[in-house]
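The values are calculated or read from the model by the stated rules, or taken from the named source; none is laboratory data. Keep in mind that what you see is a predicted model, and the values were worked out from it rather than measured. For neighbour counting, all protein chains shown are included, and Cβ atoms are generated from backbone atoms with ideal geometry for every residue, glycine included.
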Amino acid sequence: MDTERVFYECTRDAFAAAGSALPPSLWARHYLAAGMRSPQIAALLGMPAAMIPGTIKVRDERFWALLDQGSPALPGALDALARLKTRFRLIMVTGAGRRHVELAHRISGCLPFFEDIVTQDDFDQPKPSPDAYLTALRRAGLEAADAWAVEDSPRGARSAIAAGLRCLVVPTPLTAVELCPPEAVIVPGLSAAADLLLDSTAEEPSHEP
């Protein structure tokens with residue numbers, strides 16, 4: 001499931017019902033790049049403070065209901081994971097909670113490819129802090145120089161690079177590519193990311209949280 005898109009659309013619709021328009025460019029810049037939380041963005045848009053908790057509650061109820069339905073994997077995801085699994089240790093590093101991950105991937109078929117899943121329940125500071133990736137490296141017994149990250153947002157890319165990893169970014173329609181750190185390598189899709197990573201290990205296997 002493209003949970004970033006679904007989360008944005010649920011937020012956009014809830015904000016609209018409360019009288020605040022939330023264009024995708026603003027969400028991409030403030031949430032996916034800067035890491036602002038939804039209540040902060042609501043306040044930035046001028047939503048009355050008294051309306052914010054109820055609006056977020058409406059958004060959350062809708063989002064969780066959609067997650068509970070499950071969804072197939074994104075196009076190309078299973079093939080890319082299967083190819084990468086032949087050369088890499090795969091670790092999911094996400095800012096979502098464990099319940100979120102389990103629901104979103106209930107029928108996706110993605111989870112068995114990962115030896116570990118690091119969620120927001122496992123670290124203190126959210127992305128763009130490096131905390132998530134440092135936690136993954138510590139649990140895996142890896143050095144950052146031996147790892148790659150595959151991200152889809154400037155916030156995630158900044159987190160990985162701050163932890164010392166090399167990073168690929170696979171943009172979505174909500175990714176503000178211009179806000180990605182210059183060290184990140186932008187690739188057009190999951191298949192291209194897998195190609196690049198496998199080419200990088202032609203001589204020696206590496207690892208990927």
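What about Ala34, is it in contact with a helix residue (DSSP H, G or I) (Cβ under 9 Å, 6 or more places away or on another chain) and at pLDDT 95 or above? No; evaluated as a whole, the condition is false for this residue. Taking (1) under 20 Å from Thr172 (Cβ atoms); (2) modelled with pLDDT of 95 or more in turn, Pro72 satisfies each apart from (2). Within region 6-59, the set of residues being among the charged types (D, E, K, R) and either under 29 Å from Ala184 (Cβ atoms) or in contact (Cβ under 8 Å) with a residue 24 or more places away in the chain (or both) comprises Glu9, Arg12, Asp13, Arg29, Arg37, Arg59.
Whether a residue is closer than 21 Å to Pro173 by Cβ and modelled with pLDDT of 95 or more was assessed, and Thr94 passes this test.
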